[in-house]
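To start, the structure itself, in structure tokens.
No lab work stands behind these numbers, since they all come straight from the coordinates. Keep in mind that what you see is a predicted model, and the values were worked out from it rather than measured. All Cβ positions, glycine included, derive from the backbone under ideal geometry; neighbour counts span all protein chains shown.
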Amino acid sequence: MDVFNQLSIWLSFQLSIIFLLGIPFTLSIWSIKKRNKAVIKLLSIYWKVSILFFISLLLLIGKYNYALVVTNIATLLMTVSVWFWNDINDELREYDFSYSLTTTTKIWRWTITFISLNFFIQSLQNFSCFSFINSDACEIWLQPSSNLYIIMKDLFNFFFGANFTQTISKFLGLFSLLIYTLGLFQWSIIKLPKNGRNSCFSENDKN
């Protein structure tokens with residue numbers, strides 16, 4: 001059962017690379033080429049929100065005890081960010097199934113919703129890892145980030161000539177989390193009430 005659980009978690013992280021990074025990157029380029037404002041707007045919001053997921057990876061590398069909590073919050077916010085906006089949803093509904101860009105975007109939205117739900121369900125199977133990631137039972141959640149750790153060590157050494165340690169990763173993750181939280185708090189207090197469920201990220205960035 002542990003082997004199956006480990007494989008399932010590893011597969012979830014691999015799928016997240018494809019559907020949380022690869023496909024939205026492709027959609028971003030595709031939408032710019034097609035000049036589709038609705039998809040461009042949606043992906044612009046998504047990338048801003050998804051920063052939290054990459055912060056959670058830094059925290060997993062640094063073995064921060066509440067890293068798994070941050071990961072689940074990140075996937076939840078990413079899912080909400082692609083469904084929440086009334087104006088974007090209305091624009092996407094205007095396109096029929098034959099328009100491949102918006103159809104792919106709609107399928108992608110459902111896919112990341114499934115990934116987010118899957119992450120949460122798998123996390124509940126290791127509930128103690130929400131508050132103590134450093135136990136032996138939680139090692140399966142740390143292994144998928146090991147490859148990223150190796151890549152970041154090489155890049156850090158190349159650009160700065162220094163070792164990238166788990167302590168540095170934890171510090172960078174926590175500092176980024178603080179900045180992100182302050183920005184999200186400011187947006188929810190100031191911008192969200194002003195624009196409601198319209199895409200206030202994009203609208204206010206233009207002002």
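If we sort 52-64, 154-166, 104-116 on the protection proxy, mean other Cβ atoms within 10 Å, highest first, what's the order?
Ranked from most to least packed, the peptides come out as 52-64, 104-116, 154-166.
What's the local net charge at Lys37, with K and R +1, D and E -1, over the other residues with C-beta under 11 Å away? Don't skip to the answer; put the middle values down first.
Working: positive: Lys34, Arg35, Lys41; negative: Asp87, Glu91.
Overall, the nearby charge balance is +1.
Explain nothing, just compute: Karplus ³J(HN,Hα) = 6.51 cos²θ - 1.76 cosθ + 1.60, θ = phi - 60°, for every residue of the range 31-46 in order, whole Hz, x for Gly and Pro.
In residue order, the calculated couplings are 5, 5, 5, 7, 6, 8, 5, 5, 6, 4, 5, 5, 5, 4, 5, 4 Hz.
Calculate for the chain the 222 nm mean residue ellipticity that helices alone would give, adding -39,500 (n - 2.57) per DSSP H run of length 4 or more and normalising by residue count, nearest 500 deg cm²/dmol.
Result for the chain, helices only: -24000 deg cm²/dmol.
Considering lysine pairs in the range 2-206 that are 8 or more places apart or on different chains, how many have Cα atoms under 22 Å apart?
Step by step, the pairs that qualify in the range 2-206 add up to 26.
Dipole size in debye (nearest 20) for the range 48-205 around its Cα centre, Lys and Arg Cβ +1, Asp and Glu Cβ -1?
The calculation lands at about 300 debye.
Please list, short to long, the whole-number percent of alpha-carbon pairs of the chain in consecutive 5 angstrom bins beginning at zero.
P(r) over the chain, rounded to whole percents: 1, 7, 14, 17, 17, 16, 12, 9, 5, 2, 0.
Using θ = phi - 60° and the Karplus curve 6.51 cos²θ - 1.76 cosθ + 1.60, what whole-Hz ³J(HN,Hα) does each residue of the range 130-142 get, with Gly and Pro shown as x?
Residue by residue, the range 130-142 yields 5, 10, 8, 6, 8, 6, 4, 5, 9, 4, 5, 7, 8 Hz.
Applying a 10 Å radius around every beta-carbon, put 80-86, 133-139 in order of their mean neighbour count, most first.
80-86, 133-139
Kindly rank 20-31, 36-47 from highest to lowest mean number of other beta carbons found within 10 Å of each residue.
Packing proxy ranking, top to bottom: 36-47, 20-31.
How large is ³J(HN,Hα), in whole Hz, for each residue of the range 71-86 in order, when computed from phi with the Karplus curve 6.51 cos²θ - 1.76 cosθ + 1.60 and θ = phi - 60°, using x for Gly and Pro?
Going residue by residue, I get 4, 5, 5, 4, 5, 5, 5, 5, 5, 4, 5, 9, 10, 6, 8, 4 Hz, with x marking Gly and Pro.
Would you mind checking which residues have amide H under 5 Å from Phe164's amide H? H placed 1.01 Å from N; only 5 or more apart, or other chain.
Under 5 Å from the amide H of Phe164: Asn157.
Relative contact order of the chain, please, whole-number percent, based on alpha carbon pairs below 8 angstrom and at least 6 residues apart.
Relative CO of the chain lands at 30 percent.
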